[in-house]
Amino acid sequence: MPRRRAGLLLVIAAFAAVLFLFSVLSGFLADWWWFKEIGYQVVFTRELVTRTLLFLAAGGLTFGVLYGNLRLAQRGLVPNRIVLQLDKSVPPFNVTAAMRRFSLPASLAGGLLAGLAVAPAWSVVLRMIYQTPFGITDPVFSRDIGFYVFTLPGLAGLLGFLAGLVSISLLLLLPLYGLRGDIILSPRPVRFEPSAGMHLGILVAVLFLLTAVRLWFVDAPNLLYSTTGPLVGASYTDLYARLPAIRVTAVLALVAAAIVLIGAMRRDLSRWGLWAVGGYVAVALLGRGLFPLVIQKLVVAPTELTRETPYLKDHIAATRAAWGLDSVGIRELNGEADLTLADIRANSATIENVRLWDRDPLLQTFGQLQEIRTYYDFVSVDDDRYWIDGKYRQVLLSPRELNPASLPTRTFINEHLTFTHGMGLTLGPVNQVTAEGLPVLFIRDLPPVSDVSLKVTRPQIYYGEIANDFVFVGTKQREFDHPSGEANVYASYEGSGGVKVANLLRRLVLAVRFGSSNILLSQDITNDSRVLYYRNIVERAGRALPFLRFDRDPYMVATTDGRLVWIADAYTTSDGYPYAQPLDDGTNYMRNSVKLVIDAYDGSLTAYASAPDDPMIRTWARVFPGIFQPIDSMPADLRSHIRYPDDLYRVQTTLYTSYHMEAPEDFYHREDQWQIPTVTEARATVPFMRHIVMRLPDEPKAEFIYMVPFTPRGKDNLAAWMVARNDGDAYGKLRVYRLSRQSLVFGPQQIENRIHTVAALRAAALPPGRGGQDPRAQARGGSVPEPGGDGGDARRRTGPAVRRVRGGKE
């Protein structure tokens, strides 16, 4: 009977293991088919091969070291075997023999865990192997920046892994030798059996050797990220106290390794080892702890600016270079010019595109006017510019996506076979309203209708921002396309996107991958059907290019032939640029190196290298050859709609409030510190940032810019304003217009206050009933809103609840 139970449990365990392995294999195959569909097989295979090799290398090395040490420690006979017998009715348990049998499974488990822990470092290893030099050296060690960005993380990881492996070996061997009786604790001092002492001594010496290498080649360079002084980077104390102490302790670690080996060979490991370890720890605490503290308090602090000036200069230069602030153009404005009619006429394009609509209330209005059916949703509103009927117009647009969570009946057929896509977009100018106070819409309704030269010929949106799992196209079920009055219009998918079902085996794999037996059993799905998955564009982009960071603000573009595509900005980032100011997550280098275009209909991806000189994207292009296209090959109708990325611009403008000061004295005193003014919107107080079509001073024509004003810290008057240019050859250039510090120029908050003051004065001058002050309201200390007004809350939410404004900035 016990044998039957054991056999049954074995069968159940085997069956569960098969199911688990098949589930893992299904996910693997589904991902492989997906990468093959989008043409990015090299990303999948290179990552998989690198992960596998790292797993095998780390796992094999760990297994070999642990098993070799454990077997070596258990060589020969044990003079005093350890036997446990808790009860006379139970046979005695031979602990010594059990430890010998324990060596193999323990080593295998350690190897498995080590392999799993190291495999995720595939990107670090590939960057180190295929690295591209920056061509810039650090100011302390004169190493290329590429060493810190590419080599140092891999070197630190390797040394940490080896030191950890040796430490674990020691932790296993000490109790093992103790149980074997090879470590004699009494009478004092502690004594080691000669072979055990030699074994442990060698491991301790190797640990000291690894410590010396880490101190010299990792800890010393890491001083360039120190925060000891008033800056990020090596300060006076770091270079004149910590660096010498690190080098001294590195040499001392080598001496300690030699002392330990000598003690092991002389069969006196306990005494020699104690002197080595104690001496190293004492010198390390004094040299790397107390000595720098004394130098900082007694030498640096009294004359900090004088001592730190050279390093402040290095910190400012490195931060400006790492964040692309060293190429910001500067223009001076006096801010005292009078506005004339001639100026207005010369800047007609700017006047014609003065924006009247804010994104948040416009998103609600779009939802009320243009969702049409409950299962459609407008997720975000984007700024863009188009040539419409011969004029350069700034517009606000929002894609109309299908939200499966809002379907009246959520069944497998409805969610995955019938309601498969969104439909078109709503687009209107930023500066026009109807007689009823509603936005003018150039493109509207279902199917999309256009009153201008811009047309949408392929309005179906299969890939968008609303998260959705998977859909099947080309099935026996008709696909809902759009409503038409009381009837519905159906259509068939004509694109090449998706993975073909093909055969029964694929259906089984897909059923396991998506956890739906309906995929396997449905009669509506045929071998010619296609399954579209990873349809959320953010997830799709992240899976295709997992080594890049993506902007939170992808945006839709209508091409000249009427197709709808998404453009997502991607960044190469690092936390290894020496002396540079980091973000909260440690990132201290960022470049907008890739513009990723995703077709909203077939999901095809094209990655354009928008910063070809960036060493990091050049490195990734070597790792994954053929996946990046030159930006010059981007179609002209798409390139005319690329824009400066939002996340990067936010960081750059925030940093520029301090790092426009290049003189170390000014930076130290924060004498000219700026801030970005804020505005109160419906949901939060956010930085004032605007996309605008305007003609910049000294430029011949209007262009699409991203503008941020700066005010002095704690003040509201305007100090300067920065623009990120988006059009033509000027794309990506940053320019700052500085205003005279001797004259007052009103900032955004002051202008808003003046508008409110004038409006209040005019309202007070009107008789009651005409928007003036009502006596009853005056008695209450308030005012009665005009009919049709918002009662002081112009952003009251009246539309559907599922809404967001991109970045919450406009």
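The values are calculated or read from the model by the stated rules, or taken from the named source; none is laboratory data. Being a predicted model, the structure only gives us computed values, none of them experimental. Neighbour counts are summed over all protein chains in view; Cβ atoms, including those assigned to glycine, are modelled from backbone coordinates with ideal geometry. Calculation scope for accessible area: heavy atoms of the full protein, side chains included, ligands and nucleic acids excluded. Shrake-Rupley method; radii C 1.70, N 1.55, O 1.52, S 1.80 Å.
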### Summary
With all protein chains in place and a 1.4 Å probe, S23 shows an accessible area in Å² (nearest 10) of 60 Å²
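If R₀ is 60 angstrom, what is the calculated FRET efficiency for the pair L171 and D613, using the beta carbon separation as r and rounding to 0.05?
The pair L171/D613 has a calculated efficiency of 0.80.
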### Query
Hey, can you rank 587-593, 170-176, 260-266 by average C-beta count inside 10 Å, highest first?
587-593, 260-266, 170-176
### Query
Ignoring ligands, DNA and RNA, what accessible area per residue does the chain give at 1.4 Å, in Å²?
48 Å²
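Over the chain, what percent of the accessible surface lies on carbon and sulfur atoms, probe 1.4 Å?
60 percent
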### Message
Students often check this: by mean Cβ neighbours within 10 Å, which of 180-191, 204-215 ranks highest, and how do the rest follow?
### Response
204-215, 180-191
### Query
Of the labelled options [x] 2, 12, 19, 22, 18, 13, 8, 4, 2, 1, 0, 0; [y] 2, 12, 21, 25, 19, 10, 5, 3, 1, 1, 0, 0; [z] 2, 10, 16, 18, 17, 15, 11, 7, 3, 1, 0, 0, which one gives P(r) over Cα pairs in 10 Å bins from 0, in percent as computed for this structure?
[z]
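Indicate the gyration tensor shape class of the stretch 338-412 (rounded, prolate or oblate), computed on the Cα atoms with a ≥ b ≥ c the square roots of the eigenvalues: a/c under 1.5 is rounded; otherwise a/b larger than b/c is prolate and the rest oblate.
Verdict is prolate for the stretch 338-412.
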### Message
Let me see the P(r) profile for the stretch 291-345: every Cα-Cα distance counted, bins of 5 Å, each bin given as a percent of all pairs.
### Response
4, 14, 11, 11, 10, 10, 9, 8, 7, 5, 4, 3, 2, 1
### Query
How far is helix 304-322 tilted, in degrees, relative to the longest principal axis of the Cα atoms in the chain, given as a value from 0 to 90 rounded to the nearest 10?
70 degrees
### Task
When a/c is below 1.5 the answer is rounded, else prolate if a/b is larger than b/c, else oblate, so apply that to the stretch 131-235 with a ≥ b ≥ c taken from the square roots of the Cα gyration tensor eigenvalues.
prolate
### Message
Between 0 and 90 degrees, rounded to the nearest ten: what's the tilt of helix 243-265 against the longest Cα principal axis of the chain?
### Response
30 degrees
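Can you bin the stretch 281-437 into rounded, prolate or oblate? Criterion: square roots of the alpha carbon gyration tensor eigenvalues sorted a ≥ b ≥ c, rounded for a/c under 1.5, prolate for a/b above b/c, oblate for the rest.
On the way: a/c = 4.19, a/b = 1.59, b/c = 2.63.
Oblate, since a/c reaches 1.5 and b/c is not below a/b.
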#### Entry: Residues listed by number, the stretch 289-333, amide nitrogen under 15 Å from D698 label point at 7 Å toward C-beta
328-333
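What does the extension gain come out to for T526 and T457, with contour length at 0.36 nm per residue minus their alpha carbon separation?
Taking 0.36 nm per residue and subtracting the Cα distance, the gain is 22.0 nm.
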### Query
What's the percent breakdown of Cα-Cα distances in the stretch 214-323 across 10 Å bins, shortest bin first?
14, 35, 26, 15, 8, 2
### Message
Under 8 Å for C-alpha pairs, at least 6 residues apart: give me the relative contact order for the chain, rounded to a whole percent.
### Response
12 percent
### Message
Nearest 10 degrees is fine. How inclined is helix 95-118 to the longest principal axis of the chain, computing both from alpha carbons?
### Response
30 degrees
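Based on the mean of other Cβ atoms within 10 Å per residue, sort peptides 414-424, 50-60 so the most packed one is first.
414-424, 50-60
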